[in-house]
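Novice: Following this message is one structure expressed as structure tokens.
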Amino acid sequence: MWDPQQYLAFDDHRSRPFYELLGRIGAEQPRRVTDLGCGPGHLTSVLSQRWPEAIVEASDSAPEMVAAARARGVHATLLDVRDWTPEPDTDVVVSNAVLQWVPGHPALLDEWARKLPPGAWLAIQVPGNFDAPSHRCIRELAAREQWRDALEPAGLLQPRNVLDPTGYATVLATAGCAVDAWETTYLQRLTGDDPVLKWVSGTALRPVRDALDDTGWDRFVGELAPMLREAYPQQADGTTWLPFRRVFAVARTPGV
């Protein structure tokens, strides 16, 4: 279960890549703008503000997120991105921090690029930190005997299949698009007790929470917390530095 409040706890940090992705989209008067994986909808409104004349639609696969987005006034539907098909007038597609959860998503990008109308924009951003100490700690703990049977079905023992910028550029260029791809590592300054644990609780640990009961969850995070404190030591001023790598690609379909 996705918790919108936990996800929004680090809204400023998590939102920055979205704005940088949006800044590379050159669409001026799109007819329809689609937000795939809108989460709680707090950023979908930014799309409406930039393109006020466009039809802005949003979707997410988590009922909790769709409910939160609708509460914000966002026209959101419950939908798995693998089932999405663009309308003929879809001129902008944004997928922000979603596709890392979708196995085989490079093939999905190829399909979208070929189905979008000429001159459409397809913009994606995914975390590239699955080899970071935080995620290695989660996989190491999940692989231990007491957790393996419960957590292996959740896919936690292997890194996510996320490409580097060259990989995404190749996929989209092969589909005929003009592509701008890059990566950025942000250095987040976190505060409070166990801030990295709180950070990953909103994203990487959600499959763990779904797979375990309350007692198991408390035990798991109790074992994970000291591992993360060692991997990300608190500084003398009480803050903690968290490197945060992101991979971006913005493509424009051919035909204009």
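The values are calculated or read from the model by the stated rules, or taken from the named source; none is laboratory data. Everything quoted here is computed from the prediction, not taken from an experiment. Cβ coordinates were reconstructed from backbone atoms using ideal geometry, including for glycine residues, and neighbour counts include every protein chain displayed. Protein only, heavy atoms only, side chains kept; ligands, DNA and RNA dropped before computing areas. Shrake-Rupley method; radii C 1.70, N 1.55, O 1.52, S 1.80 Å.
Novice: Among what's in the range 84-106 and is over 14 Å from ILE124 (Cβ atoms) and modelled with pLDDT under 95, pick the residue that is least open to solvent (accessible area, probe 1.4 Å).
Specialist: Within the range 84-106, the match that is least open to solvent (accessible area, probe 1.4 Å) is GLY104.
Novice: For the range 180-248, please list each of the helices (runs of 4 or more DSSP H) lying entirely inside it that holds at least 3 residues being within 25 Å of ASN96 (Cβ to Cβ). Before you say what the answer is, go through the steps one by one.
Specialist: Values: elements: 195-201, 206-211, 214-231.
Per the criteria, 195-201, 206-211.
Novice: Which ones in the range 31-42 are surrounded by fewer than 23 Cβ atoms within 10 Å (Cβ to Cβ) and assigned to a loop (DSSP other than H, G, I, E, B)?
Specialist: ARG31, HIS42
Novice: Another one. Here is a check on your reading of the model: is GLY216 open to solvent by less than 30 Å² (accessible area, probe 1.4 Å) and within 25 Å of VAL126 (Cα to Cα)? Before the answer, list the steps.
Specialist: Numbers: open to solvent by less than 30 Å² (accessible area, probe 1.4 Å): yes; within 25 Å of VAL126 (Cα to Cα): no.
So GLY216 fails the test.
Novice: Step by step: first the residues of the range 138-182, then only those that are open to solvent by less than 30 Å² (accessible area, probe 1.4 Å) and within 30 Å of GLY216 (Cα to Cα), then the one that is modelled with the lowest pLDDT. Which residue is that?
Specialist: Once the filter is applied, the top-ranked residue is LEU156.
Novice: Output the residue which, of all residues in the range 140-159 that are closer than 15 Å to ARG206 by Cβ and in a helix (DSSP H, G or I), is nearest to the chain's Cα centre (by Cα).
Specialist: Out of the qualifying residues, it is ALA154.
Novice: Here's a follow-up. Which of the residues belonging to the range 192-211 are touching a helix residue (DSSP H, G or I) at 6+ places or on another chain (Cβ under 6 Å), more than 14 Å from ALA132 (Cα to Cα) and open to solvent by 20 Å² or more (accessible area, probe 1.4 Å)?
Specialist: ASP194, PRO207, ARG209, ALA211
Novice: Being among the small types (Gly, Ala, Ser), surrounded by fewer than 22 Cβ atoms within 10 Å (Cβ to Cβ) and over 30 Å from GLN188 (Cβ atoms) is the filter here, so list the residues in the range 107-135 that pass it.
Specialist: ALA107, GLY119, listed by residue number.
Novice: Can you tell me which condition GLN29 does not meet? The list is (1) over 24 Å from TYR186 (Cβ atoms); (2) modelled with pLDDT under 95, and all the others hold.
Specialist: (2)
Novice: Which of the following residues is at pLDDT 95 or above and basic (Lys, Arg): ARG229, ARG189, ARG206?
Specialist: On inspection, the qualifying residue turns out to be ARG229.
Novice: Still on this structure, please answer the following. When the residues of the range 45-71 are narrowed to those that are within 14 Å of the chain's Cα centre (by Cα) and at pLDDT 95 or above, which ends up least open to solvent (accessible area, probe 1.4 Å)?
Specialist: Among those residues, the one meeting the criterion is SER59.
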